[in-house]
Amino acid sequence: MSLSPIRVAGISGSLRRGSLNSAALRAAQALAPEGMTIEIAEIGDMPHYNEDLRAGGYPAPVERFRAQLAAADAILFVTPEYNYSIPGVLKNAIDWGSRPPEQPFNDKPVAIMGASGGLLGTARAQYQLRQMLVFLNAHPINKPEVMIGQAPSKFDEAGNLTDETTKKFIGDLLTSLAAWTRRLKAPAMAAE
């Protein structure tokens, strides 16, 4: 019996061209287990959240983002840590995505990881993000946690992940996300 494919929306919380978090997301695409695809969801072109703007209809980049989330079976966040929290651009995307109708984070399996130059590897930002996911009624996996500390030493100059231990952690996270997604979505996937 073959397993149903899993579509993951991957969100990097960094817009920087040389971002190690975006590099980690690209590494995750390559490390995804069989049957899982990770499509990167762009968040850098969305305007700042403004309820007056939303009242006139969602801007096209927001519509695209919300549609990607709605079509995905699961979500992978890859976040840097700014001032002990998530970056403003990621919070902005979450704010746009979380508005009614049909809030697309609702009931989604989620995995979180992040990379930083420090030793803690985005631990505080990940915990802040987990708090937001409670309100969004998303379902983050608890283990393994992937906090890529001292990240510059784990990627080459082209942004390729070179550290085998980190590759294993990311692979384990994605395997857990696949199992968690299948467990949470079993009735829906069985009907397909």
Query raised in the report: Does the range 146-179 hold any residues that are within 17 Å of Gly13 (Cβ to Cβ) and surrounded by fewer than 18 Cβ atoms within 10 Å (Cβ to Cβ), and which are they?
Result: Gly149, Gly159
Query raised in the report: Do the conditions hold for Val78, that is, is it under 16 Å from the mean Cα position of the chain (by Cα), crowded, with 17+ Cβ neighbours inside 10 Å and either more than 25 Å from Lys168 (Cα to Cα) or modelled with pLDDT of 95 or more (or both)?
Result: yes
Requested in this report: Tell me which of these Gly121 doesn't satisfy, since it passes every other one: (1) surrounded by fewer than 18 Cβ atoms within 10 Å (Cβ to Cβ); (2) modelled with pLDDT under 95.
Outcome: (1)
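Residues in the range 134-165 that are within 17 Å of the chain's Cα centre (by Cα), touching a residue at least 40 places away in the same chain (Cβ under 8 Å) and under 22 Å from Gly18 (Cα atoms): how many?
Count: 1.
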**Report entry** Matching entry among Asp107, Asp95 (being of a type outside the set (S, T, N, Q), touching a residue at least 40 places away in the same chain (Cβ under 8 Å) and assigned to a loop (DSSP other than H, G, I, E, B))
**Finding:** Asp107
Query raised in the report: All but one of (1) closer than 27 Å to Gly121 by Cα; (2) surrounded by 15 or more Cβ atoms within 10 Å (Cβ to Cβ) hold for Arg16; which doesn't?
Result: (2)
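Out of all the residues in the range 113-133, which are closer than 22 Å to Gly18 by Cβ and not small (Gly, Ala, Ser)?
The answer is Met113, Leu119, Leu120, Thr122, Gln126.
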Query - Test: residue in the range 10-18 that is in contact with a Phe, Trp or Tyr (Cβ under 6 Å, 6 or more places away or on another chain), at pLDDT 95 or above and of a type in the set (A, V, I, L, M) - result: yes
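Touching a His at 6+ places or on another chain (Cβ under 7 Å), farther than 17 Å from Pro33 by Cα and not aromatic (Phe, Trp, Tyr): does that describe Leu120? I'd like the intermediate steps shown before the answer.
Values: touching a His at 6+ places or on another chain (Cβ under 7 Å): no; farther than 17 Å from Pro33 by Cα: yes; not aromatic (Phe, Trp, Tyr): yes.
The answer is no for Leu120.
Out of all the residues in the range 142-162, which are part of a loop (DSSP other than H, G, I, E, B) and in contact with a Leu (Cβ under 6 Å, 6 or more places away or on another chain)?
First, the residues of the range 142-162 that are part of a loop (DSSP other than H, G, I, E, B): 142-145, 149-150, 156-160, 162.
Of everything in the range 142-162, those that are part of a loop (DSSP other than H, G, I, E, B) and in contact with a Leu (Cβ under 6 Å, 6 or more places away or on another chain) turn out to be Pro144, Gly149.
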Query raised in the report: Just one of Gly10, Gly18 is closer than 19 Å to Lys154 by Cβ and in a strand (DSSP E or B); which is it?
Result: Gly10
Query raised in the report: If you go through the range 25-69 one residue at a time, how many are touching a helix residue (DSSP H, G or I) at 6+ places or on another chain (Cβ under 7 Å) and assigned to a helix (DSSP H, G or I)?
Result: 7
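The values are calculated or read from the model by the stated rules, or taken from the named source; none is laboratory data. Predicted model, so just to flag it, every value in this text is computed and none were measured. No Cβ is skipped: glycine too gets one built from the backbone with ideal geometry, and neighbour counts run over all protein chains shown.
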